[in-house]
């Protein structure tokens, strides 16, 4: 489930109908979602199923006006002419929906494509929005910051970060799976210089052995574009030079041939067969130094995120991780990372 925003490439303020269509698209995806620890802090409702939310535009406007927190924001509303000249502020759409224009603080003033027009959400809908952004199969049970950033691309309300933090830390699935590294600060990694064009250079690695699935998969070939941090993870039954080469060639048919492929000094990557394949395709082959594995740092850090998300997805049966890999990889593509404000799919 992807959250679709208005066309932010257009610097004009979105109309009320465009903004409301976003809300309708989002709310319609709340079907059949369950939660064992609701954010509403009511233990009696921990096992409740979040039912579909039927919402029309007029109802949204009425709930905004009745919300005590939102009432205070109405005192600082700008006109559409004023809001077009400032980076952050509240305004009323033409149809009467309270909106917030917001630019991420790390974004330069001239990057208008990263300006978001957020719907100000009444309190009664906030838990469901956080739930979709955190619990949904295509959201991946990510942490507080990434869940918050996903929501901020479309919605806002006062104390949003506090609400998201409480919700994520109370997630039973995350507690069962456990993420031992989330509170441990890792040593700083040396960033890889950004490449000008997407897929000019990719980093590859192999992960495994993992628990053998019913289909016989035990390994993952992981691929990351250096410029955009776009990730891919391909299940493999073995990591021989031939299997890796075949999977990589199939990936190249979708994204095009890169100029350079970087990898560690694994025997499959250093084999004559693998080198011959890259040479035939005119791709430069770079092997990272055994004494300085930091050059693979972006991909190694992604491995930790990927493993945690896979454990979350298939904590009831480790033999099904290959069924969840497409969902968790999608979730990471759709989420901004530390080195980029925008997500790889943006």
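The values are calculated or read from the model by the stated rules, or taken from the named source; none is laboratory data. Keep in mind it's a predicted model, so treat the numbers as computed, not measured. Please note: Cβ atoms are built from the backbone with ideal geometry, for glycine as well, and neighbour counts cover all protein chains shown.
With the structure loaded, tell me whether residue 74 is modelled with pLDDT under 70 and surrounded by 11 or more Cβ atoms within 10 Å (Cβ to Cβ) or whether it fails that test. Here the answer is no, as residue 74 does not meet what is asked.
When residue 132 is tested against (1) closer than 27 Å to residue 57 by Cβ; (2) modelled with pLDDT of 85 or more, only condition (2) is not met.
Within the bounds of region 220-240, is there any residue that is out of contact with any strand residue (DSSP E or B) (no Cβ under 9 Å at 6 or more places or on another chain), part of a helix (DSSP H, G or I) and free of Cβ contacts under 8 Å to residues at least 40 places away in the same chain? Within region 220-240, not a single residue is out of contact with any strand residue (DSSP E or B) (no Cβ under 9 Å at 6 or more places or on another chain), part of a helix (DSSP H, G or I) and free of Cβ contacts under 8 Å to residues at least 40 places away in the same chain. Applying the criterion of being in contact with a helix residue (DSSP H, G or I) (Cβ under 9 Å, 6 or more places away or on another chain) and not in a helix (DSSP H, G or I) to the residues of region 241-263, the residue that is nearest to residue 216 (Cα to Cα) is 263. Going residue by residue through region 141-156, is there one that turns out to be closer than 22 Å to residue 330 by Cα, surrounded by fewer than 20 Cβ atoms within 10 Å (Cβ to Cβ) and at pLDDT below 80? No, there is no match, as no residue in region 141-156 is closer than 22 Å to residue 330 by Cα, surrounded by fewer than 20 Cβ atoms within 10 Å (Cβ to Cβ) and at pLDDT below 80.
Quick check on region 210-218. Is at least one of its residues buried (at least 20 other Cβ atoms within 10 Å of the Cβ) and at pLDDT 80 or above? Within region 210-218, one or more residues are buried (at least 20 other Cβ atoms within 10 Å of the Cβ) and at pLDDT 80 or above.
Out of 285, 296, I need the residue that is modelled with pLDDT of 90 or more and not in a loop (DSSP other than H, G, I, E, B). Which one? Spell out how you get there, then give the answer.
Details: 296 fails: modelled with pLDDT of 90 or more.
It is 285.
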